[in-house]
Amino acid sequence: MRARDEKTVKMKPESEQAEIMTQTESSILYDTAVVGAGAAGLTAAIHSRRLGLKTILLDGREKIGAKILMSGGTRCNVTNQKVSEQDFQSERRRSVRNVLRAYPAERTEDFFRALGVELVLEPGGKLFPSTHSGRTILEALTREADFRGVRLVTGCKVDSIRRKEPFFELGGKGFSIQSRTVILCTGGLSFPTTGSDGSGYALAQAMGHSLVETSPSLTPLLTADEAWKKLSGLTLPVRISLVHEALKIAEYEGSFLFTHTGFSGPAVLNISRHWIRLKDPGAVLTIQFLPGIKEEAFRAEMGASLCAHPKMKVKNFLAARLPEKLAQTLLDKAEIPAERILNQLSKTEREALIRVLFRCGLSVSGSAGYAKAEVTAGGVRLDEVEESVMESKLQPGLFFAGEILDADGRIGGFNFQWAWSSGEAAARGARRRVDLLGKES
Ligand SMILES: Cc1cc2nc3c(=O)[nH]c(=O)nc-3n(C[C@H](O)[C@H](O)[C@H](O)COP(=O)(O)OP(=O)(O)OC[C@H]3O[C@@H](n4cnc5c(N)ncnc54)[C@H](O)[C@@H]3O)c2cc1C
């Protein structure tokens, strides 16, 4: 980096900045250059410094950590009490398992506790900072990075990485940096306004890596059906399935939200990647609106109500079990008149009612795409990465961590756990590589 192009160090007090700003970056050889200062990059940089590596952390944006701040409805679901490869989708789940086992959720809890952040447990095993603010997490990470002496440079987008034996040269507008190792933590394509615009994939591909096809994951789904859109704002627990050509592709239980454009909530977000990757717009989602009740038990309940209250309106019978507005919409879908009473229900109507309650087909017209996706499915192939240390099998000295890799978790803190685990492994790998280079020279 030439003097006129030098970037301001955001985290240092001004007195120290002055000293750093007079340095010419191109004359420094770093042990590791971490590209991307999101969850994975901050973790990789902190652990690299803890392991004694001279570390620079570069980010294309002026402000870092946007996803940490917006995550979990700004509360940041840091991890989950129980994390396994079953919570992820990947072409190489075994690699995901090994990475997670080497740095499990308990290590994440210990890591943040040591930084003064207590995590509190919520239903579904989700762990959040006790302050219920993602800012607590971002500040703890940036404070630790600063304390350890990570050189953070923002507003520096890396456009190229070249091997210039015995090190790498990273280039961008007006700067070039030399480093013995590189850790790519550039995220995927989800929520591109946060800085993850997919440029990391191009950097990986230029180094010879190939990708598992990417697609949005954990993104809302859209519908053209006005009847559903009218229920906007309504939320309830459901079981949701994606069945294609008589094959169940995926099934989730959880909260479901009607929106003014379609469907959202954890159950929908979880199933979205399966619907999108199926690439069949005709594929229908099937909803069970009474997930806690078996169909046979419901039939028996209806029979008992019919005996006890034969004049009860079907609408009221349903409204005791479901939000009233939804009950009315389901009756419309089953083509049952609003005033129908229980003992007037024909066999056909009864079966239609059972169908909309237990196997209601939702037609989906599309998805909200990467713009609203919490994570990217697909990415750098895990079989091209030595998973114990996240090192490229094609380019020794190049490492990967976080969302850029082919692993996407469901809702519940799993994607951050992947970032913490793979970030720590990559730092260990960088340390090992630097040691090997030292022995060779
Ligand atoms: C709305 C929302 C809510 C979420 N909630 C949760 C949650 O509660 N729990 C959970 O586990 N997960 C959640 N996630 C997912 C989680 O945020 C991501 O999985 C995680 O942040 C990925 O971390 P990362 O470091 O790999 O990538 P990112 O956080 O995307 O960071 C990548 C960084 O790299 C930088 N960059 C990109 N290209 C370059 C380049 N060429 N040069 C320099 N810098 C570059 C970007 O500016 C960015 O700062 C949520 C995501 C979203 C969008």
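A few points about this structure:
- Residue match in the range 265-281 (condition: surrounded by 17 or more Cβ atoms within 10 Å (Cβ to Cβ), of a type in the set (Gly, Ala, Ser) and under 18 Å from ALA224 (Cβ atoms)): yes
- Candidates in the range 221-237 are the residues that are surrounded by fewer than 20 Cβ atoms within 10 Å (Cβ to Cβ) and part of a strand (DSSP E or B); of these, the one that is farthest from the ligand (Cβ to nearest atom) is LEU236.
- Scanning the range 136-145 for any residue that is assigned by TED's automatic domain parsing to the domain that holds TRP420 and part of a loop (DSSP other than H, G, I, E, B) turns up nothing.
- Filter result for GLY72 (within 16 Å of the ligand (Cβ to nearest atom) and more than 16 Å from ILE411 (Cα to Cα)): no
- When GLN328 is tested against (1) in contact (Cβ under 8 Å) with a residue 40 or more places away in the chain; (2) over 21 Å from PRO220 (Cα atoms); (3) surrounded by 15 or more Cβ atoms within 10 Å (Cβ to Cβ), just one condition goes unmet, and that condition is (1).
- Search result, residues across the range 194-220 that are over 20 Å from ARG162 (Cβ atoms), near the ligand (Cβ under 8 Å from one of its atoms) and either among the aromatic types (Phe, Trp, Tyr) or crowded, with 21+ Cβ neighbours inside 10 Å (or both): GLY195, SER196, LEU218
- Entry remark, the range 114-145: residues being surrounded by fewer than 20 Cβ atoms within 10 Å (Cβ to Cβ), within 14 Å of the ligand (Cβ to nearest atom) and of a type in the set (S, T, N, Q) number 1 in total.
- Complete set of residues in the range 146-193 that are in a loop (DSSP other than H, G, I, E, B), surrounded by 14 or more Cβ atoms within 10 Å (Cβ to Cβ) and within 14 Å of the ligand (Cβ to nearest atom): THR154, GLY155, CYS156, LYS157, CYS185, THR186, GLY187, GLY188, LEU189, SER190, PHE191
- Residue match in the range 289-302 (condition: under 23 Å from ALA224 (Cβ atoms) and not in a strand (DSSP E or B)): yes
- Listed by first and then second residue, the pairs linking a residue in the range 370-390 that is within 22 Å of SER190 (Cα to Cα) and small (Gly, Ala, Ser) to a residue that is part of a strand (DSSP E or B) and more than 16 Å from the ligand (Cβ to nearest atom), with Cβ atoms under 7 Å apart and 6 or more places separating them unless they lie on different chains, are GLY378/GLU213.
- Strands (runs of 3 or more DSSP E) completely within the range 327-441 that count 2 or more residues being within 16 Å of the ligand (Cβ to nearest atom): 375-380, 398-400
- Residues within the range 252-282 that are without any contact (Cβ under 8 Å) to a residue 24 or more places away in the chain, small (Gly, Ala, Ser) and assigned to a loop (DSSP other than H, G, I, E, B), tallied: 1
- Every pair of residues 6+ apart whose Cβ atoms lie under 6 Å, when the first sits in the range 114-131 and is assigned by TED's automatic domain parsing to the domain that holds ASP87 and touching a residue at least 60 places away in the same chain (Cβ under 8 Å) while the second is hydroxyl-bearing (Ser, Thr, Tyr) and part of a strand (DSSP E or B): LEU127/THR79
- The set of residues in the range 361-380 that are surrounded by 20 or more Cβ atoms within 10 Å (Cβ to Cβ) and of a type outside the set (Ser, Thr, Tyr) comprises VAL364, ALA373, GLU374, VAL375, ALA377, GLY378, GLY379, VAL380.
- Any hit, the range 87-99, residues being surrounded by 16 or more Cβ atoms within 10 Å (Cβ to Cβ), under 18 Å from ALA140 (Cβ atoms) and either within 11 Å of the ligand (Cβ to nearest atom) or within 16 Å of the chain's Cα centre (by Cα) (or both): no
The values are calculated or read from the model by the stated rules, or taken from the named source; none is laboratory data. Since the structure is predicted, the reported quantities are computational estimates derived from the model, not experimental observations. Virtual Cβ from ideal backbone geometry, glycine too; neighbours counted across all protein chains shown.
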